[in-house]
Each structure stands twice: as structure tokens, then as C-alpha cells.
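Handing you this structure, nothing more for now.
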Amino acid sequence: MAAPWRDVVRDAAAVRDAAAVAVDAALLAGVLMRTGEQPLSSDVVNYAPFTLLPSAVPRALFEQAYAVQQDFNLLVDAISQNKEFLEQTLASTIKVDDFTARLFRIYMQVLEEGLAQTVFLGINRSDYMFDCGLDGTAALKQIEINTIAASFGGLTSRTADVHGLVLKVLGKTKEASRLLPNNPSKGLALGIAKAWELYGSQSAVVMFLVEEIQRNIFDQRCVENELWNRSIRVIRRRFRDVFEKGSLDGSRRLYIDGQEVAVVYYREGYVPQTYDQQNWEARLLLERSRAVKCPDIATQLAGTKKVQQELSRPGTLEKLLPGRPEAVARVRATFAGLYSLDEGEEGDRIAATAIADPERFVLKPQREGGGNNLYGEELRQVLEKIKDSPERTSYILMDKIKPQPALNYLLRAHSPLQVSECISELGIFGVYVRQGQEMVLNEAAGHLLRTKAIQHADGGVAAGVAVLDTPYLV
């Protein structure tokens, strides 16, 4: 892959000057996070970590990722409506993974009662890396699809301007003009606004369901402010607020503090640590309501790693997307090798293969939020321990993707300025709204590029490993 900034990276004085400009530009543009020391206060903030230079991304692969996003939106929506598929796919996982099992129990309870919800909103992010083949050509390979709390659509809406200024400061005005505009926060807000409108109550609010610790609040505010600009009222609440103050009326309309809630936008609820008994009860109350949940619990289950692995089996996509052979081909072209560790001959064989050659694979549990995957020696040790136990069915195996590293500077508050060998991950945001059986909106809503030093195997921006970036198409 082309390395467009080879001359710049070696010029220490130019890099120092550009980094000082970049940090101030990020603060001016609102590429911000609260600090680890004061995560609940905006009195002290700092810039979110980002690359000094935009990273090279092959134009053809970037366009491929955008072209397949509407197909992935349709696929996620189809899975969320297919009870039989979710039941069969997650049968082994829910025996050994308590978190997935509890989500699944709520899903079944809500189905048995009958869904009150008639409008469905999906905001997802499909993440890819560029796998470098032996002949040097790169291929787009999906890492995962995030169907709950897909973050950084707000901050990445502001990062391209920072990188454009940096390139100008470095004398690369022509290159700066080639950076693509990107505003996922507008696209995400468009989906939420459409769902709110179809819910049909002008006085109802959109509720952002947020974490107890809210370091990434400015990312959320970008989307929130887009809604306020459309005169849609937004409230921010935690699970505990729902438990203490939430209620349903006879038509299963959701009320919090006396306000009717049209849309619940989850920025929380994807890790087991979130949930105590009260929070599980709050989640059930939300799922039973008529409010549009983003995601509803079926869509959260559609994003599990086990579902991802099952989709790679021959014939599965054809069943879920009948009569759409082109969409099936586009989706399948992005799959890396995915393998089941279910009990039986197939699972035994793949477990043995991974133990013998752990560098070929990634071991993935059913978890979101970054920093959960296992590699190399750690992968081998865990598989050795659980190879004869049903516990192994709570994981899937995936071929390890091998991208081509490039040199860049990762700007982090209070960290030295030093060049790093880096790899990038491209995410495409997708938004869809369905009313009954009619797909009302289906769009790709923008992109997110995250970059990390090669010594870190796993983890995103919120996990403190990756940093925000901007694609420079080559």
C-alpha cells in the first residue's frame, strides 16, 4: 500500500510544529473527551487521542465497504426477525454464557407477550481491516458488526478538519483538499429522528441510555445536538433511573419522570458488568415497552460473535436474504475465515488446529467494547484449558487478519511524541428504520477510521488503545 507521508515522518522539526497545531485544532474543533481523573465532569477536558497524519486507505476497498453497508443493514434486520435462526444459532452459547442467556430470556419473554414495538431502528457499525496477501494486494475483511452503542460517530465527524489543517501546515494543500467530508452524527440523528417521527407523538422524547461513567459524552452530544436542532427533545438517563422512575401505561407506552419516551438509544448495556438485578429489571421494562429501542434485544443478539460465525456457513446468507444473490455475494466477499467451537468432531478439530498454530487465529468471546479477544500464546493457553469443556462453545475462532503496517504518530495527552508502526481499522456506520414490514430508511451514514500501534493486538479508542484517524484514499 502507498505510504504518502514518508518524507514528513522523518522530519522531526516539522512533526513537532505540526503536532502542536494539531492538538490545538482538535480542541478547537471539539474532538474532546473527559479525563480519566474526572470522568463525570466537563470542567476539565482533553483532546481525544488521534493520529497526526491521515492514514492511507485503498480507495477500492473503501468504496467496497460503503457499497455493502445497506446489505448488512438488511441482514441484521432479517436476523432480528428470525426467531428460529436466533434460537438454533445461540442454543449452545446460552448454555455456557450467562450474559447472552439472560439477554435471550428477555427476548423470548417479550416475544411471548407479543411485541408492542412497531417501529424498528438499527444503528450499526461494520468494522474491517485490510488483509495483505502474499502477493501484496489488500483485501477487505470484516472484523465484526456492532449492533449496540456503536460509538465515535460524533467525534469522527470533526476529525477530518483537523487532519486537513495539519496537511496544510506541512505544505500539502493539494492532499488536504482530497480528504473526504464525513458526518456520521448527522446520519445517526437522521435515523433517530425518523423513528421518533414514526412513533407519532410530538411531545415524546428521545432517551439516551448512558453509562454511569461518561468520559465519551462529547461524542454523544454531537448526535444529541443534531436532534435538538430538529426540535426533538432529548433526555439522558441511566439504567438505575429507569428502574426507579420508569413505568408503562395500559398501552405499554414508556414514561420516565412523567415524560413519554418515543426512542431509547442505547449507549450502554453491552457488557455484563453493566447489569445487576435492578438493571436487568430495567432492561426488561424497556424491552416490553412500545418505545423504539435502538437496538431492540433481538438486534443486540444479531450482533453476537456466534451469529457472525454462523453467517459464514454455506447457504446461511441465502436463507436470510432470499432472492438477493448480489447482496449475498457482496456480504460474503468481506468474510474472513470463521470457525465454530461447538462440541463435536468439527469443534474438536478446529480447537486442535488452533492450539497447534495459535498465530493463525483470533479467539473471540461473545463480548463488545474492545479488549476481549485472545491471540497467540494466551489463545493457546485458554483453548488448552477449555478444549474438553462445554465452555469453549462461548467462543468462536477467526482467521487472524494481517494488514500492512505504516508509520504514523499517535497523539495522546501527556504522552511523548514518537513515531509508531501502525495498523488501521475502518468502520462504516449503517442506519435503517423499519415500520411493520416496510423498510423506510436504509443508508450508510459515514465512516470511522481507528489506528493503533502494532504491539497492541486488541482494543478500540474507548479502551485506550486505538486513536481516531481519517482515511486518505490511495
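The values are calculated or read from the model by the stated rules, or taken from the named source; none is laboratory data. Just so you know, these numbers come straight off a predicted model, no measurement behind them. Cβ coordinates were reconstructed from backbone atoms using ideal geometry, including for glycine residues, and neighbour counts include every protein chain displayed. Remember, those area values only see protein heavy atoms, side chains included, never the ligands or the DNA or RNA. Shrake-Rupley method; radii C 1.70, N 1.55, O 1.52, S 1.80 Å.
Sort through Tyr270, Tyr266, Tyr255 and tell me the only one that's out of contact with any helix residue (DSSP H, G or I) (no Cβ under 7 Å at 6 or more places or on another chain) and farther than 29 Å from Ile143 by Cα.
On inspection, the qualifying residue turns out to be Tyr255.
For the range 118-129, name all the residues that are surrounded by fewer than 24 Cβ atoms within 10 Å (Cβ to Cβ) and either at pLDDT below 95 or farther than 16 Å from Ala78 by Cα (or both).
Selection gives Asp127, Met129.
Tell me the helices (runs of 4 or more DSSP H) entirely within the range 118-220 that contain at least 1 residues that are on the phi < 0 side of the Ramachandran plot, of a type in the set (Gly, Ala, Ser) and in contact with a strand residue (DSSP E or B) (Cβ under 6 Å, 6 or more places away or on another chain).
Ranges flagged: 184-199.
Here's something else I'd like to know. Is it the case that Glu63 is assigned by the TED database to the domain that holds Gln142, outside any loop (DSSP other than H, G, I, E, B), modelled with pLDDT of 95 or more and within 26 Å of Leu180 (Cβ to Cβ)?
When the stated conditions are applied, Glu63 passes them.
Would you mind stating whether Asp71 is modelled with pLDDT of 95 or more, over 29 Å from Gln273 (Cα atoms) and outside any loop (DSSP other than H, G, I, E, B)?
So Asp71 passes the test.
Given the criterion in contact (Cβ under 8 Å) with a residue 40 or more places away in the chain and open to solvent by less than 10 Å² (accessible area, probe 1.4 Å), identify the matching residue among Ala139, Ala150, Ala78.
Matching residue, one of Ala139, Ala150, Ala78: Ala150.
Yes/no per residue for (1) in contact (Cβ under 8 Å) with a residue 40 or more places away in the chain; (2) within 29 Å of Thr137 (Cα to Cα); (3) in the same structural domain as Phe361 (by the TED database):
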position	(1), (2), (3)
Pro416	no, no, no
Val431	yes, no, no
Gln437	no, no, no
Ala445	yes, yes, no
Val461	yes, yes, no
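While we're on this one: Return yes when Arg102 is within 30 Å of Tyr66 (Cβ to Cβ) and either in a strand (DSSP E or B) or basic (Lys, Arg) (or both) and no when it is not.
no
Let me ask something else about it. Glu425 passes all but one of (1) at pLDDT 95 or above; (2) touching a helix residue (DSSP H, G or I) at 6+ places or on another chain (Cβ under 9 Å); (3) under 25 Å from Thr304 (Cα atoms); which number fails?
If we test Glu425 against (1) at pLDDT 95 or above; (2) touching a helix residue (DSSP H, G or I) at 6+ places or on another chain (Cβ under 9 Å); (3) under 25 Å from Thr304 (Cα atoms), just (2) comes out false.
Next question. Has the range 417-425 got any residue that is crowded, with 19+ Cβ neighbours inside 10 Å and either within 30 Å of Gly114 (Cβ to Cβ) or aliphatic (A, V, I, L, M) (or both)?
Yes, some residue in the range 417-425 is crowded, with 19+ Cβ neighbours inside 10 Å and either within 30 Å of Gly114 (Cβ to Cβ) or aliphatic (A, V, I, L, M) (or both).
Still on this structure, please answer the following. If Ile232 passes every condition in (1) more than 25 Å from Asn46 (Cα to Cα); (2) open to solvent by 10 Å² or more (accessible area, probe 1.4 Å); (3) not basic (Lys, Arg) but one, which one does it miss?
(2) is the only condition that Ile232 fails.
Additional query: Run down Leu254, Leu284, Leu301 and say which single residue is in the same structural domain as Val206 (by the TED database) and surrounded by fewer than 22 Cβ atoms within 10 Å (Cβ to Cβ).
Leu284
Lys141 versus (1) farther than 18 Å from His447 by Cβ; (2) at pLDDT 95 or above: which is the lone unmet condition?
(1)
Continuing with this model, one more query. Can you name every residue in the range 296-346 that is polar (S, T, N, Q) and either modelled with pLDDT of 95 or more or not in a helix (DSSP H, G or I) (or both)?
The answer is Thr299, Gln300, Thr304, Ser312, Thr316, Thr334, Ser340.
For the range 232-292, give me every one of the strands (runs of 3 or more DSSP E) that falls completely inside it and has 1 or more residues that are over 27 Å from the mean Cα position of the chain (by Cα) and in contact (Cβ under 8 Å) with a residue 24 or more places away in the chain.
In the range 232-292, the matching strands (runs of 3 or more DSSP E) lie at 246-248, 254-256, 259-266.
Further question: Hey, could you check the range 347-386 for residues that are at pLDDT 85 or above and of a type in the set (Lys, Arg) and say which is surrounded by the most Cβ atoms within 10 Å (Cβ to Cβ)?
Lys364
Taking the stated definitions as given, is Val440 over 30 Å from Asn183 (Cβ atoms) and not in a loop (DSSP other than H, G, I, E, B)?
no
Further question: Could you identify the single residue in Glu425, Glu421 that is within 27 Å of Ala18 (Cα to Cα), in contact (Cβ under 8 Å) with a residue 60 or more places away in the chain and part of a strand (DSSP E or B)?
Glu425
Which of the residues spanning the range 106-117 are part of a helix (DSSP H, G or I) and open to solvent by less than 30 Å² (accessible area, probe 1.4 Å)?
Ile106, Tyr107, Val110
Output the number of residues of the range 218-229 satisfying the condition of being hydrophobic (A, V, I, L, M, F, W, C) and either at pLDDT below 95 or surrounded by fewer than 22 Cβ atoms within 10 Å (Cβ to Cβ) (or both).
Summing the residues that are hydrophobic (A, V, I, L, M, F, W, C) and either at pLDDT below 95 or surrounded by fewer than 22 Cβ atoms within 10 Å (Cβ to Cβ) (or both) in the range 218-229 gives 2.
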